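Worksheet: one structure, shown below.
Nothing in this text is a laboratory measurement; each read-out follows from the coordinates by a stated rule. Because the structure is a prediction, the values reported are computed rather than measured. Note: ideal-geometry Cβ built from the backbone for every residue, glycine included; neighbour counts use all protein chains shown.
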Amino acid sequence: MMQEIVVISKSPEETISLGKRVGELLRPPDVVSLFGDFGSGKTCLVQGIVEGLGAGDGEYVRSPSYTLMNQYVGMFPIYHFDLFRINDLIGMEELDYEDYFYGNGVTIIEWAEKIQTVLPTNRLDIRLLIIDERVREITLLPGNLEHLFSLHSQLGMAV
Ligand SMILES: Nc1ncnc2c1ncn2[C@@H]1O[C@H](COP(=O)(O)OP(=O)(O)OP(=O)(O)O)[C@@H](O)[C@H]1O
Ligand SMILES: [Mg+2]
């Protein structure tokens, strides 16, 4: 189990570049669960992660609005969930979420607290905290995902 990594981002661009470094290390069936208030930068971070996963400029990342999930194509399939609108797990079950979480792609989940009980044990948790208008404290918890442990040396100094 690896210790958490705390990064301070001072702009949306810094958050995107952090996401990119994370995305470069991800591989199926990794699940990234994002926790943080409105406007804390979850979707901004997803933009970087998707870029790091090799998706081209053609992939326009934004929160899914009428569906719970957007799919992008990078080195692997990428499943981007935004669960703000769900109130219980029933909507998720209809989606057959396990096919995504334990499938052939990388899953990224905004508002992951909504489905805390069914999140896979092996996952990367990322918590975003608004410090002020431009500053975010971003905490990464790679859990048991050993292929992400190099994030510690890459980002640890940025604390
Ligand atoms: N350091 C920063 N990192 C990320 N976003 C920032 C930062 N500073 C300012 N912002 C602004 O904060 C907003 C973050 O919006 P974003 O949609 O990424 O948040 P979110 O957490 O996905 O919100 P929601 O819960 O509504 O989906 C953007 O308007 C962005 O420009
Ligand atoms: Mg969002």
In nm, spacing of pseudo-spin labels at residue 63 and residue 8 (7 Å Cα→C-beta vector):
2.7
Can you give the net charge of the other residues whose Cβ lies under 13 Å from the Cβ of residue 103, counting K and R as +1 and D and E as -1?
-3
Neighbourhood charge, 13 Å Cβ-Cβ cut-off, centred on residue 51 and excluding it, Lys, Arg +1 and Asp, Glu -1:
-2
Highest GNM mean-square fluctuation among 51, 94, 113, for the chain with Cα springs under 10 Å, belongs to 94
Of the chain, which part is the longest with no trypsin sites (Lys or Arg not before Pro) in a loop (DSSP not H, G, I, E, B) and with at most 14 other C-beta atoms within 10 angstrom?
11-61
Taking only C-alpha pairs under 8 Å that are 6+ residues apart, what is the relative contact order of the chain in percent?
37
Would you mind telling me the antiparallel percentage of the DSSP bridges in the chain, rounded to 5?
55
When 147, 152, 80 are ordered from fewest to most other Cβ atoms inside 10 Å of their Cβ, what list results?
147, 152, 80
Measuring from a point 7 Å past the Cα of residue 27 along Cα-to-C-beta, which residues in segment 124-155 have an amide N at less than 12 Å?
146-148
